[in-house]
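See below for the structure under consideration.
The values are calculated or read from the model by the stated rules, or taken from the named source; none is laboratory data. Predicted model only: the values in this text are computed from it and were never measured. A quick note on method: Cβ atoms are made from the backbone with ideal geometry, for glycine too, and the neighbour counts reach across all protein chains shown. The protein model used for the area step is the full one, side chains on, heavy atoms only, and it has no ligands, DNA or RNA in it. Shrake-Rupley method; radii C 1.70, N 1.55, O 1.52, S 1.80 Å.
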Amino acid sequence: MNTLDRYLYRTVLVYTGMAMAVLLTLGALFLFISQQSDIGVGNYGAADAFLFTMLNLPQSAFELLPIGALIGALMGLGHLASGSELVVTRASGVSVWRIAWPVGLAGLTLTLIMYGIGEYAAPSLAQFAKREKTTDKLADVSFAGSSSAWVKDGTLILRVQTGEVDQAFGGVSLFQLDGPTKLRSIQRAERISVADPGRWSLHNVRTSRFGDDHVSGDLVDAVSMQSTVNPEFLGLAATDPQLLTLRGLASYIDHLRRNSLETAVYEIGYWSRIARHFAVIVVTLLALPFVFGPLRTTGAGTRTVIGVLLGVVFFLITGTVEKGGQLFGLNPALVGWLPTAAIGLCTLVAISRTR
């Protein structure tokens, strides 16, 4: 790298760092404010809410880095353009593609940082924060390993072994006690979901009832039960694609396939996660056509607003494509890569047309 390359590379990284600092501060503030309704429930206090917010910062950084990279590249390169530094660089015979090289390298560096956060810090800390918050709020709770949750509600003991997302959970066992020590029945359901507040629906339920000298059993399609168990607690056992590493997603997809279970949500999450890393490089390069064009003489505030708007639009399109892919059963790899590939193509065309 020559002096110009290092200068452009450092400028993009420094301004991205400043943009991320602002985004994370605002994100942490909003997250802490959102915890106020939970403070005072059970043993969950203000200090716990603050800890919950801090532990979720790496996950927020992982999710916000593409927007932060876009804003940082727009601000950094826009600052150079407004000071005529990029104009002088172009006038000296340096092509736009030559300028794109250190900018893309800065994007690659940010991608590696994002990968490290997403694989080694964010998921484990976010899951730990979620578990600690829920166990602080609820009594008679224990949490086993990373794939099952237990809760006692009066004479009912509920175990959730594996989970999906939202408000549906799989691998459920219910142990009904008759007194403090006597087991009355065991119910095993393939899936449990929230029907109404305080009422759960169990699907494909096998029941074993224990009498004084015999055991009886039956199988029914659906059973309703009343319980004060909070769905938030069962969410501890839910496998959210956003809180899994790439290796964790690949392993879980393999597990679902071996058990002939639906994998579309997790496959889309897997490919989207990979594509999101490459999107960081793409959005840093996307700043070039803007700073050589309509944003060359604008202020930092305008460039920041444009960056936020572009980032929001990108995430809205990504979310829409992912949901549509699940709904229509499209190829997960295509669904995951389509938004990034589309914006990448637009970026290449825009740079090639830049004069």
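Structural remarks
- In the stretch 210-227, the residues that are assigned to a strand (DSSP E or B) and touching a Gly at 6+ places or on another chain (Cβ under 8 Å): Gln226
- Number of the condition not met by Gly83 [criteria: (1) in contact (Cβ under 8 Å) with a residue 40 or more places away in the chain; (2) over 30 Å from Lys133 (Cβ atoms); (3) out of contact with any Gly (no Cβ under 8 Å at 6 or more places or on another chain)]: (1)
- Scanning the stretch 41-70 for residues that are more than 24 Å from Val308 (Cβ to Cβ) and part of a loop (DSSP other than H, G, I, E, B), we see that the one that is most open to solvent (accessible area, probe 1.4 Å) is Asn43.
- Any hit, the stretch 304-313, residues being part of a loop (DSSP other than H, G, I, E, B), among the aliphatic types (A, V, I, L, M) and modelled with pLDDT under 85: no
- Arg258 fulfils the conditions (1) within 22 Å of Leu57 (Cβ to Cβ); (2) open to solvent by 60 Å² or more (accessible area, probe 1.4 Å) except for a single criterion, (1).
- The stretch 334-355, residues that are small (Gly, Ala, Ser) and over 18 Å from the mean Cα position of the chain (by Cα): Ala341, Ala342, Gly344, Ala350, Ser352
- Looking only at residues of the stretch 110-151 that are at pLDDT below 90 and surrounded by fewer than 16 Cβ atoms within 10 Å (Cβ to Cβ), we find that the one that is farthest from Ser185 (Cα to Cα) is Phe128.
- In the stretch 327-340, the residues that are in a helix (DSSP H, G or I) and surrounded by 14 or more Cβ atoms within 10 Å (Cβ to Cβ): Pro332, Ala333, Val335, Gly336, Trp337, Leu338, Pro339, Thr340
- Figure legend. Inter-residue proximity from the stretch 160-182: first residues farther than 30 Å from Asp212 by Cβ and modelled with pLDDT of 70 or more, second residues in a strand (DSSP E or B) and open to solvent by less than 90 Å² (accessible area, probe 1.4 Å), beta-carbon distance below 7 Å, spacing 6+ or different chains. Indicated pairs: Val160/Ser148; Val160/Ala149; Val160/Phe169; Val160/Gly171; Val160/Val172.
- For Val87, the stated conditions hold: it is under 26 Å from Val103 (Cα atoms), modelled with pLDDT under 95 and open to solvent by 10 Å² or more (accessible area, probe 1.4 Å).
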